[in-house]
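Here's the structure, in C-alpha cells; my notes come after.
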Amino acid sequence: MSTVGGEKIVHPASEVRRTFLEFFGKKGHEVCASGPLVPANDPTLMFANAGMVQFKDVFTGKDVRPYKRATSSQKCIRISGKHNDLENVGVTARHHTFFEMLGNFSFGDYFKEEAIAYAWDLLTNVYGLPKDRLVVSVFGGEGGIAADDEARSIWRKVTGFSDERIFGLGMKDNFWQMGDTGPCGPCSEIHYYLGDKPDLARFNEEPNDAGHGWMEIWNLVFMQFERSLGPDGQAILAKLPAPCVDTGMGLERIASVLQGKFSNYDSDLMRALVDKAAAISGKAYRASQGDDDVSMRVIADHARTTAFLMAEGVQPDRNGREYVLRRVMRRAIRHGHRLGIERPFLHEVALEVVALMGEQYPELVRRKDLIATQTEQEEVRFRQTLERGLHILDEEIATVRSAGANTLPGPTAFKLYDTYGFPVDLTEVIAAERGIEVDKDGYEKALKEQRVRSQESKLNDEAVVESVWREAIGAVGGAVRFTGYDHEEGEGKVVAIVLGNTLVPSAKAGDAVAIITDVTPFYGEAGGQVGDRGVLRTKAGTLFTVEDTQKPIEGLIAHRGKVTAGEIKVGDAVALEVDHERRTATRRNHSATHLLHWALRQVIGEQAAQKGSLVGPDRLRFDFSHGRAVTPEEITRIEDLVNAKILTDAPVETEILSMEQARAKGAIAIFEEKYGDVVRVLTMTRDSVELCGGTHAHALGEIGLFKILSEGGVAAGVRRLEAATGLNALAQFRQMEKTLRTVADFARSGLSDVADKVEKLAAHERQLQKEVQDLKRKIATGGASGGGLDELTRSARDIAGKGGGKVLAVKVDTDDPATLREMAEKLRDKLGEAVVLVGAVSGPKASLVLTVSKSLLGRYKAGELIRPVAEIVGGKGGGRPDMAQAGGTVTDKLDEALSSLYTAIA
C-alpha cells in the first residue's frame, strides 16, 4: 500500500495496471509490453497516441501474430495534430501530454458480447466500482449509418440497465475510423460519475474544473466495417470478414477513480511530482485553479513527457519530435519561472519520474543519467535567454499597446523563436497573460520564408522528380539487390538510365547520368556513410566512371557519374568495380565511428547521444549531445579506449535479426536511419552492439591507428569530434611532426625543448605589448601631467536645469579599448559631476564609451543614453547605469553620434 502526502492509497496505480493485465491474461490474451513512443510501424504518427498503434498492421492485415487476442499498457503522448490539448494541461483535472492507455484487443476472435462482458466484469466485480455511478453510451446512428442496436441490447443484458442509462450518441463521440478509408466501426463508452450524487440529466455536460461530473473511463471500439470512397466521393461501408475489438482506458483516470480523487493530479501517479515541484518552489500546493497550482501541475505533467522521450533517445532540438520535446520542456521551465524558481529544477522532477515509474519502464533507469544531464543542460541554456526574451517581449507588447492595437506581429513572434528559442505557443501564453493576441498567420509566413531561404542556401542540391525514380524502380521489378557487404565486384544489368530528370534509353561519352542496375556492390550514401566510387564496364569497351552512389528513394541505388568512353544502353550487361582503396578506408572509419560512440559513453556518459555523422575515406565526423567541450584529458581517454579495442583485433560480426531480437540483445541505433522489422546488427566485442546498414572492417585490427583531430561545438548542446584512422592517422602525425620541426627551427631549439623556448618567447612578447599599450595610454591621456585631458575638458557644456553638472562628448585617437575607458573615467573625474562620451575610430569600427558620475545616476543611465548614439554608427550598445560601451561600422558618422549626446541631454 503506497502513500501520497501521508495518506494511504488503497488502489495504487501499479496495482491497477497489474490487475488489468492479469485479468485479460487469464482470459487468454497475450500480455504485450508497451510499444515505443516513437512508432516504428507508422511514419504518419509523430508519437504513439493510442494502445492500438503497435497492433495497427495486425488490424489492417499486414502483420500476422501467433495470438488472436492481446492486452497492454501503452505509453502514449498526445501533443500534436488533432490530439493537441497542450493549453489545457494543468488547467483541467484530466488533460496530459503523457499518459498510459490500458487496452485489450481482439484480432478477428471475439467481438461485442465478450468485450462488453469483460469490461463490465473487470470494472464492477474486480475493481468494485458501484453500478449506480456508471452509465454507457453507444452509437445512436448518423450520416446514413444505422444505430448500434446490437451493442445496446448486449449492454442491457450484461448490466441490467434500462435504456435511460444507455445513451445513444453521434459520429463525433461514438464512431471510430482509422482515416478517410480503412477499418472503422461504432464505439461504446463507459462513464463514471465523480461527485455527490449521479445526475443522469447532466450526462452531456463537461465535468467542471474541479473534476466533478460524468467522466469517460473506457472506450470499446468495434471494428466491423471497411470504409471506401465511391466514384462520387461518397463513403461506402462493407462488413469486415473478421471484426476486431480495440479498447482503451486511461490509467490515470481509472486510478484516480479507484483512489477516490477528483483530479488525476491527486493520484499516486502524479501527486508526488506535483509535491516535488511545490517543494522546489517553496510554496504549498493547494489543489486549486490558482496560477501557482496550475504551474505545479504543468511541471509534473511535462516532467513525465521529458523523461520518457529522453529515455527513447529523443533530445531537444529545433525540428520534428525534438522540437516538440523542447517546447514541452520550455513550457515547464517557464512555469517554474512563474513560481519564482531561480535555478535549474526540471531535471530533479524528471528524476522523480524515474523513481516512480522505473520498475514498470526499465528504460527510464537505464538512461537515468542521460535524462538528468540533458534536462539540466537544456534548462541552463534556456534560462540564459529567458530573461532577455521576456524583456524584449514586454517591450514589443508595450509598442503594440502604444499603437492602440492588441495583436503582436507575426515577424516579432518568429524573431523570439528564431533568436531566443521561444516556441510560439509559449509566446502566446505570455502574451495572453498580458491581454495580447499573436498573429499566427504572420508567424507561419515568416517561418515559411525562413525555410525557403534555408533551402536556397544549400549549394549543389539537385531537383529530383520522384516520379522518375519511381518509374526507375519499377524497371528493376523491386528493390536493387545489394551485394557489397561481401563483394566489391560483381555483374549486373542496366535497367534504367536517368539524364537530368528524364529516363533515357542510352547515354554516350560525356553524358552525366545516373545508372541503375538490378544488382550492385556499390554502397549508396546512407546512415552517414558516403556513397562508393568506381567504374562500370561493358564487354564492348564502354566505361562509366561512378563519381557517387545515392539512394534517391527506398529500394533504389543510383550510380551517378559520366560516360567516359563508348555508349551505354538499357539492357547492357556490365561489370561493376568498387574503388577498393576508398571503400577500405571508409570501412575503417565507419567501424571506428562505432568504437568512438562506445568510448564517448564510457568517458562522458550516456548523454553522448548521436546527433549526426559523416563517414568518408579521409576522416570520420561524429556529432553528439553534450553541454560542454570535451577536455583534452577526456579526449586522451577516448583515444586510449578505442585504440585498446583495435589492438584486440576482435572480429566484426553482423547478424540479421528482428527488431525485437535486436532490442533484447541490447543493440542501439547509431545512425538516424529508418529501421524496419528486420535489422542488421553489428557487434564489435560485447561492449558495442548497434544497428547499422553500412560497410565495415572484418576485424578491429584493420582499423589501424585511431586519432582524434578536432573537437568543437556545432549547435547549442551539440559537440563534434573529427578523427582519422589507418594511413590517414599516420599522415596526420607526420604533418604534426613537420610543423613541430618548423617551429623548432624558428625558435632555434631542439624538438625536446621547443615548448619551453616558445613559452619564453610568448612571455617576452606579452611584456613588450604591455609596455607599448602603457606608452599609448600615456600619450593619449596627455602624459603624467594630464595636460591632454585639460585640453579636452574645455569642450564640456553645462547641463541646464535643476541639478547642474557637465556633459562632454569628444573624439580621441586610440585603438585600445582599455585606454578609451580610462580616458572616459578620467575626464568624468576631472569635471566632477558629468556625463562623458568618448569615441574613437579603430580600423573599420567606431568605438564608444559613455560614463555617468554617481551623483547623476538618478537622472541619467549610461546604458539608456548610449543606445541611440550607437544606432547612428550602425551598432548596438549597453552596460551598467554608470558605464556603457558600444560599437558600429559606420565610422564616418562618429562626429554626428557624439554631437547627439548634447541634444539628448538638453
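The values are calculated or read from the model by the stated rules, or taken from the named source; none is laboratory data. Everything numeric here is computed off the predicted structure, so don't read it as measured data. Heads up, the Cβs are rebuilt from the backbone with ideal geometry, glycines too, and the neighbour counts pull from every protein chain shown.
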Subset of region 813-835 that is small (Gly, Ala, Ser) and closer than 15 Å to residue 854 by Cβ - its residue that is nearest to the chain's Cα centre (by Cα): 824
With the requirement that a residue be within 20 Å of residue 283 (Cα to Cα) and aromatic (Phe, Trp, Tyr), what does region 319-367 give you? 345
Looking at residue 348, is it under 30 Å from residue 271 (Cβ atoms), among the acidic types (Asp, Glu), surrounded by fewer than 18 Cβ atoms within 10 Å (Cβ to Cβ) and modelled with pLDDT of 85 or more? yes
Quick check, is residue 404 of a type in the set (Gly, Ala, Ser), within 24 Å of residue 333 (Cα to Cα) and surrounded by fewer than 20 Cβ atoms within 10 Å (Cβ to Cβ)? no
Strands (runs of 3 or more DSSP E) within region 134-200 that include 3 or more residues more than 30 Å from residue 260 (Cβ to Cβ): 175-177, 182-194
Of the residues that make up region 628-639, is at least one among the small types (Gly, Ala, Ser), at pLDDT below 90 and under 23 Å from residue 317 (Cα atoms)? no
Within region 869-892, restricting to residues that are more than 21 Å from residue 818 (Cβ to Cβ) and in contact (Cβ under 8 Å) with a residue 40 or more places away in the chain, the one that is surrounded by the most Cβ atoms within 10 Å (Cβ to Cβ) is 890
Quick one: count up the residues across region 20-56 that are part of a helix (DSSP H, G or I), surrounded by fewer than 17 Cβ atoms within 10 Å (Cβ to Cβ) and not small (Gly, Ala, Ser). 2
Residue check: is residue 361 closer than 19 Å to residue 38 by Cα and of a type outside the set (S, T, N, Q)? yes
Going residue by residue through region 311-321, is there one that turns out to be in contact with a helix residue (DSSP H, G or I) (Cβ under 9 Å, 6 or more places away or on another chain), in a helix (DSSP H, G or I) and within 29 Å of residue 719 (Cβ to Cβ)? yes
Would you mind stating whether residue 294 is over 17 Å from residue 375 (Cβ atoms) and of a type in the set (Val, Ile, Thr)? yes
What is the residue count in region 187-205 for residues that are of a type in the set (A, V, I, L, M) and modelled with pLDDT under 85? 1
Breaking point among (1) at pLDDT below 90; (2) under 20 Å from the mean Cα position of the chain (by Cα), for residue 88: (2)
Check off (1) free of Cβ contacts under 8 Å to residues at least 24 places away in the same chain; (2) assigned to a helix (DSSP H, G or I); (3) in contact with a helix residue (DSSP H, G or I) (Cβ under 7 Å, 6 or more places away or on another chain) for residue 306 and give me the number that stays unchecked. (1)
What strands (runs of 3 or more DSSP E), lying completely within region 560-653, carry at least 3 residues that are touching a residue at least 40 places away in the same chain (Cβ under 8 Å) and under 33 Å from the mean Cα position of the chain (by Cα)? 610-615, 620-625
I'd like the residue in region 610-632 that is crowded, with 20+ Cβ neighbours inside 10 Å and aliphatic (A, V, I, L, M) and, out of all such residues, is nearest to residue 374 (Cα to Cα). 630
Name the pairs: first residue in region 426-440 and under 8 Å from residue 413 (Cβ atoms), second residue in a loop (DSSP other than H, G, I, E, B) and modelled with pLDDT of 85 or more, Cβ to Cβ under 6 Å, at least 6 apart or on different chains? 439/409
Quick one: is residue 730 within 30 Å of residue 529 (Cα to Cα) and outside any strand (DSSP E or B)? yes
So, first residue in contact (Cβ under 8 Å) with a residue 40 or more places away in the chain and farther than 14 Å from residue 620 by Cα in region 519-534, second residue buried (at least 23 other Cβ atoms within 10 Å of the Cβ) and aromatic (Phe, Trp, Tyr), Cβ within less than 7 Å, six or more apart or across chains; the pairs are 532/522; 532/523; 534/522
Filtering strands (runs of 3 or more DSSP E) wholly in region 462-553 for at least 2 residues that are in contact with a helix residue (DSSP H, G or I) (Cβ under 8 Å, 6 or more places away or on another chain) and surrounded by fewer than 19 Cβ atoms within 10 Å (Cβ to Cβ) gives 502-504
On the given criteria, is residue 795 more than 48 Å from the chain's Cα centre (by Cα), of a type in the set (Ser, Thr, Tyr) and in a helix (DSSP H, G or I)? no
